[in-house]
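The structure appears right after this line, and notes come after that.
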Amino acid sequence: MTLLLPFWQRLLITIAAVLLISYLFGLVWTALFGVDLPSYAAGVIGGLAALPIWNFLHRIRPSDK
């Protein structure tokens, strides 16, 4: 039996990463173009970032201590 991170931990980490990536991408966008990033575009960027993060978290295993 393989031990994986519990669902709630993967979900919490993924949501935090999506929010952080969306915020940082918005800051970079504003710095580059001088206009605010539309919220739907930040949501798309965050959603696309969630896919590899969720996959990575599904593959890692907690350490046995």
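Coordinate-derived values only; no laboratory data. Small disclaimer: the values here were computed from a predicted structure and weren't measured. FYI the Cβ positions are ideal-geometry reconstructions off the backbone, even for glycines, and counts take in every protein chain you see.
Remark on the chain: hydrodynamic radius 13.1 angstrom, per the Kirkwood mean of 1/r across alpha carbon pairs.
Against the chain, whose longest principal axis comes from its Cα atoms, helix 39-59 is set at around 20 degrees. Computed over the chain, relative contact order equals 52 percent, with contacts defined as Cα pairs under 8 Å that lie 6+ residues apart.
Which one of 48, 24, 32 has the biggest mean-square fluctuation once the chain is modelled by GNM with Cα springs under 10 Å? Result: 32 has the largest fluctuation of those listed. For the chain, with a Gaussian network of springs between Cα atoms less than 10 Å apart, report the residue from 35, 44, 18 with the top mean-square fluctuation. Result for the chain, Cα springs under 10 Å: 35 fluctuates most. Measuring between their Cα centroids, region 1-36 and region 44-62 lie 9 Å from each other.
Taking 7 Å steps out from each Cα toward its Cβ at residue 8 and residue 33 produces label points 3.9 nm apart.
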